[in-house]
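Take a look at the structure below.
The values are calculated or read from the model by the stated rules, or taken from the named source; none is laboratory data. The structure displayed is predicted, hence computed values, not measured ones. Here the Cβ positions follow ideal geometry from the backbone for every residue, glycine too, while neighbour counts run over all protein chains shown.
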4 protein chains.
Amino acid sequence: MIPWNYTQFKQIAQNILEDNRKWSAQGKVADYIPELKKGDPNAMALVLASRDGSLVVGDCDRLFTLQSISKILTLMIALEDQGPAKVFFHVGKEPTGDPFNSIAKLETTATARPLNPMINAGAIAVCSLIKGKNSDDKIKRVLEFISMVVEREVTINAEVYQSEKETGHRNRALAYFMKDTEVLEGDVEDVLDLYFKQCAIEVSCEELAKIGLFIAKKGELTNGRRMVQRDTVRLVTTFMVTCGMYNASGEFAINAGIPAKSGVSGAIVAAVPNYLGIGTYGPALDEKGNSISGVHMLADLADQLGLSIF
Amino acid sequence: MIPWNYTQFKQIAQNILEDNRKWSAQGKVADYIPELKKGDPNAMALVLASRDGSLVVGDCDRLFTLQSISKILTLMIALEDQGPAKVFFHVGKEPTGDPFNSIAKLETTATARPLNPMINAGAIAVCSLIKGKNSDDKIKRVLEFISMVVEREVTINAEVYQSEKETGHRNRALAYFMKDTEVLEGDVEDVLDLYFKQCAIEVSCEELAKIGLFIAKKGELTNGRRMVQRDTVRLVTTFMVTCGMYNASGEFAINAGIPAKSGVSGAIVAAVPNYLGIGTYGPALDEKGNSISGVHMLADLADQLGLSIF
Amino acid sequence: MIPWNYTQFKQIAQNILEDNRKWSAQGKVADYIPELKKGDPNAMALVLASRDGSLVVGDCDRLFTLQSISKILTLMIALEDQGPAKVFFHVGKEPTGDPFNSIAKLETTATARPLNPMINAGAIAVCSLIKGKNSDDKIKRVLEFISMVVEREVTINAEVYQSEKETGHRNRALAYFMKDTEVLEGDVEDVLDLYFKQCAIEVSCEELAKIGLFIAKKGELTNGRRMVQRDTVRLVTTFMVTCGMYNASGEFAINAGIPAKSGVSGAIVAAVPNYLGIGTYGPALDEKGNSISGVHMLADLADQLGLSIF
Amino acid sequence: MIPWNYTQFKQIAQNILEDNRKWSAQGKVADYIPELKKGDPNAMALVLASRDGSLVVGDCDRLFTLQSISKILTLMIALEDQGPAKVFFHVGKEPTGDPFNSIAKLETTATARPLNPMINAGAIAVCSLIKGKNSDDKIKRVLEFISMVVEREVTINAEVYQSEKETGHRNRALAYFMKDTEVLEGDVEDVLDLYFKQCAIEVSCEELAKIGLFIAKKGELTNGRRMVQRDTVRLVTTFMVTCGMYNASGEFAINAGIPAKSGVSGAIVAAVPNYLGIGTYGPALDEKGNSISGVHMLADLADQLGLSIF
């Protein structure tokens, strides 16, 4: 399936990157927080990581923040910390046709639970389930976990964190609403602090691919050490398919068919079960909030290399 | 219309109060904040205030908090401070079929404005329009205004205020949501502080009737001094009819037909244009959040004295 | 209040009509059914009817269809036929912030009842409550009732009726939805047939004012004969205030303060309790579906003659 | 992965069926149409079909109607008839958190399109895209298609069809709503007739498994003949994962991870890509409308045989 001739494979990746460069002009860099606006709309990167090493094309030396990609990582930690029963008492398992920051369903759904852990409300609820005495304590655990996976000590971009904390009114609304309906436990501002921090963790595109590979390998590090249970990763992989790409997840499943999660910084992580981790970067977003070049590169990759799980 | 024979009139009021005593057993004292739970479910009071004096029956020596009744008073101040054009740029004029604390319409309505100033979201938006450098400054003006109307220096019930401030998660959600959509200006917590304070202002049932008379007289004090413009009061009176009784306003307009505003403390203020101010008290609430005995006393009064404006 | 010097009064009405002629250019004739498109956007008429006779200015010889104005007339008949308890088992009493043809609330409201009889869903439910063995039988009763009120044998505009019947897909959706939730009894197509027919009844602007006067007089004909109970008319008048002008009812109550009901043909009927019936005509509609010149003429009339009930 | 020792495999299937027999008592046979009520709540069947033959356990001689399972078959035909571009102009690709028969999103979503072809609104829209001059013509093509796949001439259960046609008010509401918003083309009653007919097509559990195998083999018949394009089946398979099990699809993807589609008759068809078709039958439904024993049998199968695609 994968032409594991490195030179040939690199050429395919290079072509896919160049072929999709045109899309960036049709996208728009996220502007809802001042720091994100600084993203270079023309930047593009594509990294494929296999057990045997990485293949890198494009602007891969840049760091960017994880944003919503952090949701799959904290979900893993929460599942390991609390077990699925407790986690899914606070957050549902169903995809939703609503935008990622929507609040209406929290009011109109009988259970009041956020529909899934990939929408903002759900991810905030997941934050409240990470063990630790406060957000400082908890983010330390999150950083350590990600650092193990990417084999570098990752840190938080302080400007992005501050920016999100100051302007995150919608997320604050979601959190206080869930506090009111008793979906959220603990101190609201402390939970939000963790959420804003995890969104601001910085990685490179190559590190993104390593996260993808970690998922593809069902929770094993490159060195073979198991970090989380297989079932935890299977759960997260399922959410990546049904709701990883905001409310374009259904379309992405059809067009690419690779479990993936995107962030508004323009990053996408994807995992071809058992084979491959993929990272893409391109800050110009489509109207659903996904990297416009990233979505197209992944569809082309899936098509040319037969990576769809369907 | 009104049998302005005091003895006879008092007898009618007394009978109406006694006839409706039975309803309290079918209602429920508000329990969403600890302090409100302390209300005596069997307490009942009815006061009618005309230009010539007040008629009092029932437990009229108790003080209770204004809660949502404060919404009509701060709306008057905001209208005088900013003029209708600015006020209605931030809040709509239309009744809604949704509950008073609903958030869904803020998301699904194109303008993002709260539908009217009588629902919580609208009243919070109105708070942000009161002039003053912060909530302390603003609440001072609100207290002075109400003190002038009721001819006593009114104050805030500190326990109720603290209680609402600590547990007002839903109102916080509404406020942050409106901050996000730029409906709300200024510091969210400061605006909320004013909102929680105004809800906790204490009055007696007789003072409630004075507020009603002030509205019936289109903004004139008992001494004839004009406090606010006629148009301001006409506007507020209209909102009392279309949305003063939460989402039972339509039914109340049919059954009683008197402009009125209720609060979850069990108070209702009503104003028969040009004639009469009415205050009722009874902490047992119906399922829509209106005083169950109050609603029935007002319907009987309207029926027996022909007070409906329709 | 009313300068019952006919010449002087006529001058006022004439001035108001001319002053508001400019608005028509900013409105738009309804185009959702082919027949309505034929309305002359520049036509304008204003009629005031008192116990002593009518005052007519503008293009008053035209006939137009009642459209939604029919809702208040069939509501009267249903209330007389079944009593309020049965009617309000099938339809609510509360205003709504949703558009007149909205279906979402039928699904999301616990009771499944349409919120009030002035929105399409509510009016269709009311149709099912009119006594008669089928729509032919029922429309005959409706026509007789209206003919008595306007003192002319009114008829249905067959083209408009056919047009609405063929293209009334949204109303059909509302009706079948209510059939599913058992709000609507009887044969759906028969109920809809009555609804489409009642909308297509033709009157003149002078006849509209007579309908308004009939309401102002609480159900008495010009000759003093009582047609419906006072309580029935009081109920209907209340709905005119809280939901008579689609989802601009709140704003109209503030600006004009006269109980009124509009139709998409460009007609508005208004009733100043005990005094005056008013008809306006002007097919150019504002974005909420109300006659743009009509709304402004009524606000000016209310302002200049002090007709607001608030 | 699969212990292709027939005896051993049959034992596993038999055990799974018996282990899950207990669930039926906790479910409820569909009662929204009289004919479905006749289903035996204790009946259970499980069939696995591979390229080499079928394995059958339980009550497999019964026939039952396809109900919503027909949605994946008509979607295939519509995709082949019109191509994906035209199909997805009329219906979306995104999963939804709303119930299968919900109408609210049709009103509140900007595009007015049903969110996906697995909810009723979407499936009705798909019906309008099947080629043929009327519903008789179209259903003939649908029957022929299914007959080829299951290798028997399938027919319609006339009682179920009549029953659904007479009581399908909700589906009628959905269809007329979409006619109004121009999502649905053609004659509404004719489109609905096809929809009611396709739901009433009868198959056995073994035939269900053959349909599953046909999907697992990406559109090839047992004899190797290709009936539809691979891409068509890949698309349909994706929808089975993201929205095949009503609004329990996310949970089923986590618990079983096999592409599947259920019907309210108690049937579920599942397809393990390239390997296996599965049919389950058990008319007792859980609260989401899925066969309660079927859902559990599939989760156990996936677990014991490692069939999850995630």
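Listed values, structure above:
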quantity: Residue that is touching a Lys or Arg at 6+ places or on another chain (Cβ under 9 Å), in the same structural domain as residue B:27 (by TED's automatic domain parsing) and at negative phi, where the choices are B:292, B:278; calculated: B:292
quantity: Options A:163, A:147; residue that is in a helix (DSSP H, G or I), assigned by TED's automatic domain parsing to the domain that holds residue A:92 and modelled with pLDDT under 95; calculated: A:163
quantity: Some residue of region B:25-34 being within 14 Å of another protein chain (Cβ to nearest Cβ) and not charged (D, E, K, R); calculated: yes
quantity: Elements of type strands (runs of 3 or more DSSP E) contained in region C:17-69, each with 3 or more residues being crowded, with 19+ Cβ neighbours inside 10 Å; calculated: C:45-50, C:53-58
quantity: Residue list for region C:150-160, filter: in contact with a Ser or Thr (Cβ under 6 Å, 6 or more places away or on another chain) and in a helix (DSSP H, G or I); calculated: C:160
quantity: Filtered residues of region B:188-203 (kept if in a helix (DSSP H, G or I) and touching an Asp or Glu at 6+ places or on another chain (Cβ under 7 Å)); calculated: B:196, B:199
quantity: Condition check for residue D:194: of a type in the set (A, V, I, L, M) and closer than 22 Å to residue A:115 by Cβ; calculated: no
quantity: Residue check, residue C:281 out of contact with any strand residue (DSSP E or B) (no Cβ under 6 Å at 6 or more places or on another chain), over 24 Å from residue B:252 (Cβ atoms) and aromatic (Phe, Trp, Tyr); calculated: no
quantity: All positions within region A:277-286 that are assigned to a strand (DSSP E or B) and surrounded by fewer than 24 Cβ atoms within 10 Å (Cβ to Cβ); calculated: A:284
quantity: Scope region C:108-136; condition more than 13 Å from chain B (Cβ to nearest Cβ) and not in a loop (DSSP other than H, G, I, E, B); matching residues; calculated: C:120, C:123, C:124, C:125, C:126, C:127, C:135, C:136
quantity: Of all residues making up region D:163-187, the number that are among the charged types (D, E, K, R), more than 8 Å from chain C (Cβ to nearest Cβ) and under 20 Å from the mean Cα position of the chain (by Cα); calculated: 2
quantity: Any hit, region D:108-120, residues being of a type in the set (Gly, Ala, Ser) and buried (at least 17 other Cβ atoms within 10 Å of the Cβ); calculated: no
quantity: Of the criteria (1) assigned to a helix (DSSP H, G or I); (2) surrounded by 24 or more Cβ atoms within 10 Å (Cβ to Cβ), which one residue D:179 fails; calculated: (2)
quantity: Condition met for residue A:104 (aliphatic (A, V, I, L, M), farther than 24 Å from residue A:32 by Cβ, more than 22 Å from the chain's Cα centre (by Cα) and within 14 Å of chain D (Cβ to nearest Cβ)); calculated: no
quantity: Lone unmet requirement of (1) farther than 17 Å from residue D:280 by Cβ; (2) not assigned by TED's automatic domain parsing to the domain that holds residue D:184 for residue D:75; calculated: (2)
quantity: Any chance residue B:77 is in contact (Cβ under 8 Å) with a residue 12 or more places away in the chain, more than 11 Å from chain C (Cβ to nearest Cβ), closer than 17 Å to residue B:243 by Cα and of a type in the set (Val, Ile, Thr); calculated: no
quantity: Residues satisfying the stated conditions in region D:272-291, i.e. out of contact with any helix residue (DSSP H, G or I) (no Cβ under 8 Å at 6 or more places or on another chain) and within 14 Å of chain A (Cβ to nearest Cβ); calculated: D:287
quantity: Single unsatisfied condition, residue C:112 versus (1) out of contact with any Cys (no Cβ under 8 Å at 6 or more places or on another chain); (2) within 22 Å of residue C:76 (Cβ to Cβ); calculated: (2)
quantity: Criterion violated by residue C:274 - all others in (1) modelled with pLDDT of 95 or more; (2) surrounded by fewer than 24 Cβ atoms within 10 Å (Cβ to Cβ) satisfied; calculated: (1)
quantity: Lone qualifier among D:74, D:96 - being within 23 Å of residue D:269 (Cα to Cα) and in a helix (DSSP H, G or I); calculated: D:74
quantity: Only one of A:308, A:249 that is among the hydroxyl-bearing types (Ser, Thr, Tyr) and over 21 Å from residue A:73 (Cα atoms); calculated: A:308
quantity: Filtered residue count, region D:1-44, keeping only those that are closer than 25 Å to residue D:220 by Cβ and aliphatic (A, V, I, L, M); calculated: 3
quantity: Selection count where residues are over 25 Å from residue C:63 (Cα atoms) and touching a residue at least 12 places away in the same chain (Cβ under 8 Å), scope region C:152-181; calculated: 9
quantity: Helices (runs of 4 or more DSSP H) contained entirely in region B:204-259, each with at least 1 residues that are buried (at least 24 other Cβ atoms within 10 Å of the Cβ) and more than 14 Å from every other protein chain (Cβ to nearest Cβ); calculated: B:205-216
quantity: Subset of region C:188-200 (residues that are within 12 Å of another protein chain (Cβ to nearest Cβ) and touching a residue at least 60 places away in the same chain (Cβ under 8 Å)); calculated: C:192
quantity: When residues of region A:80-93 are limited to those that are in a helix (DSSP H, G or I) and among the hydrophobic types (A, V, I, L, M, F, W, C), the one nearest to the other protein chains (Cβ to nearest Cβ); calculated: A:88
quantity: Residue selected from region D:161-201 under the condition out of contact with any Phe, Trp or Tyr (no Cβ under 8 Å at 6 or more places or on another chain) and among the β-branched types (Val, Ile, Thr), by the criterion farthest from residue D:65 (Cα to Cα); calculated: D:181
